[in-house]
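Contents: one structure, followed by commentary.
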Amino acid sequence: MRQIAVTRRGRPRDRAVDQRVLSAAWGLLHAGGYAALNMDDVAERAGVAKTTLYRRWPTKDHLATAVAAEMLGEVPIPDTGDLRRDLTEFAAALAASLDRLRIAGHSGGGVSAGLAAELVAAAARHPDIGELVRAGYAQRHAMARARLERAREREGLRPDIDQAVLIDQLAGPVYYRILITGAPADREYAERLVDAVLDGAFLAEEE
């Protein structure tokens, strides 16, 4: 996901201010979850004026989404020439990043979707957040499809495989576990998931 902020004309933004705000906001989210995030407290902790804060992030939802984007960063798909290994790395990294959001505010971990669910709701409440989040996912899916296309050309991935569906089959269960069931989405699960998704997906496997 990209960082969510309000774009305004004028002098360039001070990145140091952004980092102080995001750090302060994450401290509150990590300690107490979404309910603990308060714009006044963030401004005080970060040492910035509330007007500065609201110019960048007009609502608590915008700020929380920006914190998540900063914390999650990119989840690239490696290209080692071994699609099974590369997709496992991708699924495990995606699960780990989402799990950090899930446990925010839960001292004992827990199975609640927590902050991850709140961010999904924020994207539904605010069209601008939803648009940016969807654009981020579209970019990630484009990278995944490029990796699958290279696998088709070089590694024997079947040409009739629906690449978009394959990506959905890989990422969807990870989100389902984080947001719905609360079941572990660790590396062992990532390996089993990729094995299931790629079952019969290579030409050599049909011989």
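The values are calculated or read from the model by the stated rules, or taken from the named source; none is laboratory data. Keep in mind that what you see is a predicted model, and the values were worked out from it rather than measured. So basically every Cβ, Gly included, is an ideal-geometry build from the backbone, and we count neighbours across all protein chains shown.
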Residue count for region 180-200, restricted to those that are surrounded by fewer than 17 Cβ atoms within 10 Å (Cβ to Cβ), modelled with pLDDT under 95 and aliphatic (A, V, I, L, M): 2
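Would you point out the residue of region 108-145, among those that are of a type in the set (D, E, K, R) and closer than 29 Å to LEU198 by Cα, that is modelled with the lowest pLDDT? Spell out the reasoning first.
Filtering region 108-145 down to residues of a type in the set (D, E, K, R) leaves 118, 125, 128, 131, 134, 140, 145.
Next, only the ones that are closer than 29 Å to LEU198 by Cα stay: 134, 140, 145.
Details: ARG134: 89, ARG140: 86, ARG145: 94.
Here the residue is ARG140.
May I ask you to verify whether ALA144 is of a type outside the set (Lys, Arg), farther than 27 Å from LEU63 by Cβ, in a helix (DSSP H, G or I) and touching a residue at least 12 places away in the same chain (Cβ under 8 Å)? Give the derivation first.
Values: of a type outside the set (Lys, Arg): yes; farther than 27 Å from LEU63 by Cβ: yes; in a helix (DSSP H, G or I): yes; touching a residue at least 12 places away in the same chain (Cβ under 8 Å): yes.
Against the criterion (of a type outside the set (Lys, Arg), farther than 27 Å from LEU63 by Cβ, in a helix (DSSP H, G or I) and touching a residue at least 12 places away in the same chain (Cβ under 8 Å)), ALA144 qualifies.
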Yes/no for THR88 being outside any helix (DSSP H, G or I), closer than 30 Å to VAL194 by Cα and modelled with pLDDT of 95 or more: no
Pairs needed: first member in region 179-198, in the same structural domain as ASP82 (by TED's automatic domain parsing) and touching a residue at least 12 places away in the same chain (Cβ under 8 Å); second member anywhere, of a type outside the set (Gly, Ala, Ser) and not in a helix (DSSP H, G or I); C-beta distance under 9 Å; at least 6 residues apart or different chains. THR181/VAL111; GLY182/VAL111; ALA183/VAL111; LEU198/LEU157
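Can you find a residue that is among the hydroxyl-bearing types (Ser, Thr, Tyr) and closer than 25 Å to GLY172 by Cα anywhere in region 33-43? So that I can check it myself, show each step before the final result.
From region 33-43, those among the hydroxyl-bearing types (Ser, Thr, Tyr) are 34; that's our starting set.
Then drop every residue that is not closer than 25 Å to GLY172 by Cα, which leaves 34.
The answer is yes; a qualifying residue exists.
Would you confirm whether or not region 156-172 contains a residue that is of a type in the set (D, E, K, R) and touching a residue at least 60 places away in the same chain (Cβ under 8 Å)?
Pass one, region 156-172, residues of a type in the set (D, E, K, R): 158, 160, 162, 168.
Still in the list and also touching a residue at least 60 places away in the same chain (Cβ under 8 Å): none.
No - not one qualifying residue is present in region 156-172.
Can you tell me which residue among ARG13, ARG8, ARG2, ARG100 is modelled with pLDDT under 85, under 13 Å from the mean Cα position of the chain (by Cα) and not in a helix (DSSP H, G or I)? Lay out the reasoning, then the answer.
Details: ARG13 fails: under 13 Å from the mean Cα position of the chain (by Cα); ARG8 fails: under 13 Å from the mean Cα position of the chain (by Cα); ARG100 fails: not in a helix (DSSP H, G or I).
That would be ARG2, the only listed residue that is modelled with pLDDT under 85, under 13 Å from the mean Cα position of the chain (by Cα) and not in a helix (DSSP H, G or I).
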Give region 18-54 a look and list any residue that's free of Cβ contacts under 8 Å to residues at least 24 places away in the same chain, farther than 25 Å from ARG102 by Cβ and not aliphatic (A, V, I, L, M), or say none. ASP40, GLU44, LYS50, THR51, TYR54
Residues located in region 26-47, provided they are modelled with pLDDT under 95 and among the hydrophobic types (A, V, I, L, M, F, W, C): TRP26, LEU28, LEU29, ALA31, ALA35, ALA36, LEU37
Scanning region 19-56 residue by residue, those closer than 22 Å to VAL120 by Cβ and of a type in the set (Ser, Thr, Tyr) turn out to be TYR34
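Residue under question is LEU148, and the condition is that it be modelled with pLDDT of 90 or more and buried (at least 16 other Cβ atoms within 10 Å of the Cβ); does it hold? Before the answer, list the steps.
Details: modelled with pLDDT of 90 or more: yes; buried (at least 16 other Cβ atoms within 10 Å of the Cβ): yes.
Against the criterion (modelled with pLDDT of 90 or more and buried (at least 16 other Cβ atoms within 10 Å of the Cβ)), LEU148 qualifies.
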Would you check if LEU101 is in contact with a strand residue (DSSP E or B) (Cβ under 9 Å, 6 or more places away or on another chain), in the same structural domain as ILE167 (by TED's automatic domain parsing) and either buried (at least 21 other Cβ atoms within 10 Å of the Cβ) or at positive phi (or both)? no
